């Protein structure tokens, strides 16, 4: 008899099955069109939503075998017409990196996220919002800020984020650095339940804030489905540059439930 | 391939503004979703409602409804069609009785206002 071997893909399958099982209440939920791009709109006051993230990163090449599956569990609260706050209860994941001799599960951090909507993409020329996130864990502390822009044209929604992140890592938080990234997404609403589009992600690591590493660009399609009180959006991204130290493929699935 | 960050920022922002400047009259927010005062001034339904209710209705239409889907252009549907859609969508958006009434007042008033403007 073959010995059972746990693989990250099983977790993805489990999450998908759980998501389908909970789809029972015929009520719409506030939903995301993108997984890497944030939208400028915020949740209605008084609403509460649970969002679960799964991000699978892999480099299947012989030169650098790498696999990781990261999970985030977020509870999102609509506070006012323009302000929402979220708590990331736990960021944890599975990592398989022979080069760094890392294998197994680990808890990474928890976080608080605040989004303030400035202009409405439906009634103003351009929707906009500002975003701040504070993340803390046993060996990491991060501050992240985002400028979010959104343009709606008919059933098309275009989103753009510029992100600056400062991170301190290590046992005594001795390693510090940053990252500048941008993401761009377009989504078309085929029906209120089903949307398709594409996302682009551009990242530059700034180790020690003293130098900029090579730019890495990812691109890929996205798809979003909403039903009842849940929704799910998935984006597989492929590296469009040729940076060997970065992963080749990453796929993010977010599924949310409203209460 | 090395890519310059400034070039990507410029490209992203240029795309957004290009798309914004190409928008048609129907996606112009002032024409697609008339203000409360415009509805009050130009529709029978709007004249019978107070301005605060119309403003509340417009806010719900452009924020609560768009949490799940893009806002539909009001002029694309008739008053009976809007009444049917509100019956279907209001429970899904968990709208309170007052909010549903404000939404209906605004949407029906705006639909009449846009119909009379196109005649």
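The values are calculated or read from the model by the stated rules, or taken from the named source; none is laboratory data. This one's a predicted model, so the numbers in the text were calculated from it and none came from an experiment. Glycine also receives a Cβ, built like all others from the backbone with ideal geometry; neighbour counts cover every protein chain displayed.
See the values below:
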read-out: Any hit, the stretch B:68-80, residues being farther than 25 Å from residue A:151 by Cα, without any contact (Cβ under 8 Å) to a residue 60 or more places away in the chain and buried (at least 20 other Cβ atoms within 10 Å of the Cβ); value: no
read-out: Residue A:52 assigned to a strand (DSSP E or B) and modelled with pLDDT under 95; value: no
read-out: Number of positions in the stretch A:163-189 that are in contact with a helix residue (DSSP H, G or I) (Cβ under 8 Å, 6 or more places away or on another chain) and modelled with pLDDT under 95; value: 0
read-out: Any chance residue A:133 is surrounded by fewer than 16 Cβ atoms within 10 Å (Cβ to Cβ) and away from chain B (no Cβ under 14 Å); value: no
read-out: Residue that is nearest to residue A:150 (Cα to Cα) [pool: residues in the stretch A:89-123 that are touching a residue at least 40 places away in the same chain (Cβ under 8 Å) and in a strand (DSSP E or B)]; value: A:119
read-out: Residue identified as within 14 Å of chain A (Cβ to nearest Cβ) and modelled with pLDDT under 85 among B:72, B:30, B:58; value: B:30
read-out: Scope the stretch A:117-130; condition surrounded by 17 or more Cβ atoms within 10 Å (Cβ to Cβ) and in contact with a strand residue (DSSP E or B) (Cβ under 7 Å, 6 or more places away or on another chain); matching residues; value: A:117, A:120, A:121, A:122, A:126, A:127, A:128, A:129
read-out: Candidate set from the stretch A:176-211 (those that are under 19 Å from residue A:245 (Cβ atoms) and within 9 Å of chain B (Cβ to nearest Cβ)); member that is farthest from the chain's Cα centre (by Cα); value: A:204
read-out: Check on residue A:169, touching a strand residue (DSSP E or B) at 6+ places or on another chain (Cβ under 8 Å), within 14 Å of chain B (Cβ to nearest Cβ) and either more than 21 Å from residue A:36 (Cβ to Cβ) or buried (at least 17 other Cβ atoms within 10 Å of the Cβ) (or both); value: no
read-out: Only listed residue being modelled with pLDDT under 85, crowded, with 17+ Cβ neighbours inside 10 Å, under 30 Å from residue A:194 (Cβ atoms) and within 14 Å of another protein chain (Cβ to nearest Cβ), chosen from A:78, A:30; value: A:30
read-out: Residue selected from the stretch B:92-119 under the condition out of contact with any helix residue (DSSP H, G or I) (no Cβ under 9 Å at 6 or more places or on another chain) and farther than 19 Å from residue B:49 by Cβ, by the criterion nearest to the other protein chains (Cβ to nearest Cβ); value: B:92
read-out: Whichever residue in the stretch A:87-109 is closer than 30 Å to residue B:64 by Cβ and surrounded by fewer than 18 Cβ atoms within 10 Å (Cβ to Cβ) and, among such residues, is nearest to the other protein chains (Cβ to nearest Cβ); value: A:87
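A quick yes/no check of all residues on (1) farther than 24 Å from residue B:65 by Cβ; (2) at pLDDT below 90; (3) part of a strand (DSSP E or B):
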site: A:63; (1), (2), (3): yes, yes, no
site: A:70; (1), (2), (3): yes, no, yes
site: A:73; (1), (2), (3): yes, no, yes
site: A:87; (1), (2), (3): yes, no, yes
site: A:125; (1), (2), (3): no, no, no
site: A:128; (1), (2), (3): no, no, yes
site: A:131; (1), (2), (3): no, no, yes
site: A:151; (1), (2), (3): no, no, yes
